[in-house]
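Computed from the coordinates by the stated procedures, all read-outs in this text should not be read as laboratory data. Please read all numbers here as calculations on a predicted model, not as lab measurements. Cβ placement follows ideal geometry from the backbone for every residue including glycine, while neighbour counts extend to all protein chains displayed.
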Amino acid sequence: MKFIKLAGLSLCAGVAALSISGIAAVAQQQPAPAQPAPAQPAAPQLTLDQVLKAVRDERSRSSEENRQREQRFLAERNNQQAELSRVRQQVVAAEAESTRLEGAMAANQTEIDRLEAELATKQGQFQELFGAARSAAADLTAQLERSLISAEFPGREAELRSIAQTDTLPTETQLRFLWETLIQQTVEQAKVSTFNADVALANGTADTREITRIGPFVAFSGGKFLVYDSTQGTLKFLARQPQSSVTDAARRVEGFKGDGFVRGVIDPSLGTLLGLIVETPGIQERIAQGGAIGYLTLGLGALAFVFGIFKWVTLSTTAGAVRSQVRRKKPSKTNPLGRVMLAYESLQSKDTESIQLTLNDAILKEIPRLEGGLNLIRIISTIAPLLGLLGTVVGMVITFQSITLFGTGDPQIMASGISIALMTTVIGLVVAIPLVLLYAFTAGAANGIVQILEEQAAGIVAEHADGRR
């Protein structure tokens, strides 16, 4: 071991010597300055004893640091042991307190059971009254929370709820309030009352309006029906009002004064039927149920209908001009009959057969002008039911796909496909029926004009033949 230490010391001395030599070599390799530098004192040479002393000093410092670190660790360990002992003592104390509290709770529960038994014994027949009062108060509270009468008499539910939830016998005052509220609710169900109350508007604000209430059935203001929001305790307008005949009846009830009676509309389901009005889709929503096929059918139908009306008006105007031409001898180029008559005047010297052929040719030239575009109306009136049938098939395919994926447990899953199937058929028929009638009218007007032209042409030919004879 001594030999190894000496070898290590020799090695450290050699490394130090090499370091000093390396420093000297680096110093020798530096380029000479352009001007001579002032003389520097020579660096002291380190001896082996100095190197050994430096190594021993470093080892002493390391040993001292390790000793201090060990002392700190031991001190911290002692502190942790003390903290652990303190925590364990707290746990023991808490367990003892928990045991004491459990014993106290058991004793309290025993005392509570004894007192409840004593209370039940002393209450006697009043116990049945207590149960009946609680049950009646709970039922009446549930009725008042959704009743329109509560909008005129707010705040009754809180007192009734306290009676229904109390654990003691109701007082005489509470029993009287329950009885009076029952009587009031019964009486108000047979009244038509007018009062002022706040109505929640769509923008989130509230406005005081004059409300007309018919029992617990309906309430309206300005002809618009209201519903009672039990969660907020306020009235609000229906999101979608009933048809105009129902709202007109509400206005008549609001404006009626004096003796006699006026007819009105009530909801015997206490708001259920009026709520279904909101859920019932309107015309735009039903059209949207038809999907792309429904919109395509309506687009084609609108195009054909507008063109058909234009054509019908044009033919009616032309028919009037033709009838006027019949009464005039001078032909005009502005109507078909005048153009046929002009064709005859240019060939009066010809024979009857040539004139007849010329007039027939002139009539044939007028027919495309009269019947132009009628085929468009006829084709679209034929295609519309076929598009409806296509939508029906697509809707049924969607329905069967929904059944395959989700089964038949929930009808709402199949509602989308069924809506497409039904609404496209309805849209196709709604488009086709008016177009068929419109085509019949326009074709009849065109045929009427052609018939007048043929009759006049036949008369012209007959007059020409008589004149030749």
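Annotations for the structure displayed:
- 3J(HN,Hα) along the stretch 99-111: 5, 5, 5, 4, x, 5, 5, 4, 5, 5, 5, 4, 5 Hz, from the Karplus curve 6.51 cos²θ - 1.76 cosθ + 1.60 with θ = phi - 60°, whole Hz, x for Gly and Pro.
- The angle separating the long axis of helix 172-188 from the principal Cα axis of greatest extent in the chain is about 20 degrees.
- Between helix 156-165 and the chain: long-axis angle, C-alpha atoms, 0 to 90°, nearest 10: 50
- Backbone HN-Hα couplings from phi across the stretch 368-384 [Karplus 6.51/-1.76/1.60, Hz, Gly and Pro as x]: x, 5, 6, 9, x, x, 5, 5, 4, 5, 5, 5, 5, 5, 7, 6, 4
- Set of aspartates and glutamates with alpha-carbon distance to Lys236 below 14 Å, sequence-local pairs under 8 removed: Glu152, Asp198, Asp207, Glu210
- Contour minus Cα-Cα distance for Val278 and Arg67 (0.36 nm per residue): 67.3 nm
- The residues packed around Ala206, meaning those with a beta-carbon under 15 Å from its beta-carbon, carry a net charge of -2 if Lys and Arg are +1 and Asp and Glu are -1.
- Across the stretch 163-190, no residue has a backbone nitrogen under 11 Å from the label position 7 Å along the beta-carbon direction of Glu118.
- Burial ranking of peptide ranges 98-107, 302-311 (average Cβ count within 10 Å, highest at the top): 302-311, 98-107
- Taking a straight Cα-Cα cut-off under 17 Å and skipping sequence neighbours fewer than 8 places away in the same chain, the aspartates and glutamates within cross-link reach of Lys330 are Glu345, Glu463.
- Identified option (computed Cα extents along the principal axes in Å; candidates (i) 80, 65, 37; (ii) 166, 114, 52; (iii) 73, 49, 43): (ii)
- Rounded Å value of the spacing that divides the Cα centres of the stretch 368-394 and the stretch 105-165: 72
- Residue order, fewest to most surrounding Cβ atoms within 10 angstrom, among Arg156, Arg61: Arg61, Arg156
- Other residues with beta-carbon under 10 Å from the beta-carbon of Asn196 carry, at +1 per Lys or Arg and -1 per Asp or Glu, a net charge of -2.
- Distance (nanometres) between label positions extended 7 Å along Cα→Cβ at Ser269 and Thr352: 8.0
- Sorted fewest first by neighbouring Cβ atoms within 10 angstrom, Thr121, Thr425 come out as Thr121, Thr425.
- Leu386-Gln189 pseudo-label distance in nm [points 7 Å out on the Cα-to-Cβ vector]: 6.2
- The C-alpha atoms of the chain define a longest principal axis, and helix 126-145 lies at about 60 degrees to it.
- Figure legend: label point modelled 7 angstrom from the Cα of Gln401 along Cα→Cβ; residues of the stretch 291-305 with amide N under 19 Å from it are 291-296.
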